[in-house]
Amino acid sequence: MADAAALWISGSLAEKIRAHGAETYPHECCGALLGRDSSAVLESDHGKGALTLAREILQLFPLVNRRDDSPRNRFSVTAEDVLTAEKAARQQGLEVVGWYHSHPDHPARPSEYDRDHAWPWYSYIIVSVQNGAPQDMTSWRLNDDRAEFSPEGIEIRHRAAVSATGFSTTEK
Amino acid sequence: MPVKVMIPSPLRPYAGKRDSAEFSAGTVGEALGHLTTEFAELRKHLFTEDGKLRSFVNVYVNDEDIRYLAKENTPTKDGDTISIIPSIAGGVTFSGAVAVPGRAALNFARNLWSLIVPPRRIGI
């Protein structure tokens with residue numbers, strides 16, 4: 001496992017996630033993150049030899065929260081929805097690399113419930129929505145031992161700075 | 001012809017990056033047993049500590065959800081495909097419990113505390 005993980009996303013997609021959270025408030029929103037996972041390990045910007053695994057989000061696949069019973073503090077994506085999202089990703093030459101959801105009136109921190117239900121490898125973006133207004137947005141990956149999440153740095157990048165076939169390591 | 005087990009993206013790092021594996025197995029439980037013996041790191045992501053399939057792990061034999069068949073005792077025959085399909089869940093815990101590393105948890109607790117305890121008044 002690399003020392004740190006980074007998630008690249010354009011400003012407009014980040015804004016769409018925040019808007020989805022505001023739209024469904026006071027209920028939780030959810031959706032799939034479609035993109036590419038870089039197998040390349042990139043040098044850190046500081047040149048200290050630290051390694052970063054980068055992953056880029058290129059499309060969103062908003063979903064309906066299936067938790068009718070407690071949508072204010074729970075979200076659920078069924079296996080059928082997962083397959084639909086995977087199909088949509090494949091059609092665009094992408095893959096499902098993670099999921100986003102909102103925490104209405106709560107911080108953008110993963111809960112114990114989030115951890116207990118999380119899969120490894122996926123990126124989990126959480127947007128805090130306070131009184132209907134989107135606030136902080138964070139991203140997390142479950143550790144191999146399932147004991148806790150590690151934060152994943154979200155880097156807002158212009159789409160033009162990301163090459164069509166992979167990652168640009170020079171532009172920000 | 002053996003049974004083919006399809007491995008979803010999030011579990012491939014624990015299965016030698018493979019997207020499928022083949023085993024001779026008479027039931028779903030047997031196939032998953034072979035899978036987690038060959039790739040031991042998969043076990044904790046598929047099963048709880050007491051050996052039950054995790055609630056967000058969905059297993060299909062061909063197109064049938066094993067919950068509606070005989071669960072892990074569902075028989076398999078040569079040529080069948082077993083698919084492991086994730087479902088995704090989460091949400092806030094009203095108690096404010098978090099699942100993040102120590103420092104982040106500490107910062108979060110501090111922030112929470114500052115919300116609960118109003119700032120001290122300064123003398124007029």
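Which of the residues that make up the range B:1-22 are under 14 Å from A:Trp119 (Cα atoms) and away from chain A (no Cβ under 14 Å)?
Taking the range B:1-22 and keeping what is under 14 Å from A:Trp119 (Cα atoms), we get B:7-14.
Within the range B:1-22, no residue meets the criteria.
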Qualifying positions in the range A:80-105 - within 9 Å of chain B (Cβ to nearest Cβ), of a type in the set (A, V, I, L, M, F, W, C) and buried (at least 20 other Cβ atoms within 10 Å of the Cβ): A:Val82, A:Val96, A:Val97, A:Trp99
Unique match (being of a type in the set (Asp, Glu) and in contact (Cβ under 8 Å) with a residue 40 or more places away in the chain) among B:Asp50, B:Asp78: B:Asp78
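Every residue in the range A:114-162 that is assigned to a helix (DSSP H, G or I) and either within 12 Å of chain B (Cβ to nearest Cβ) or surrounded by 22 or more Cβ atoms within 10 Å (Cβ to Cβ) (or both), please.
If we filter the range A:114-162 for residues that are assigned to a helix (DSSP H, G or I), which is where we start, we get A:114-116, A:159-161.
Hits for the range A:114-162 are A:Asp114, A:Arg115, A:Asp116.
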Residues located in the range B:23-59, provided they are more than 21 Å from B:Thr76 (Cα to Cα) and more than 11 Å from chain A (Cβ to nearest Cβ): B:Ala40, B:Asp50
The range B:60-80 - residue that is of a type in the set (Ser, Thr, Tyr) and away from chain A (no Cβ under 14 Å) and, of those, farthest from A:His101 (Cα to Cα): B:Thr76
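Every number in this text was worked out from the coordinates using simple rules, so none of it is lab data. All of these numbers come straight from a predicted model, not from anything done at the bench. Cβ: placed from backbone, ideal geometry, glycine included. Neighbour counts: every protein chain shown.
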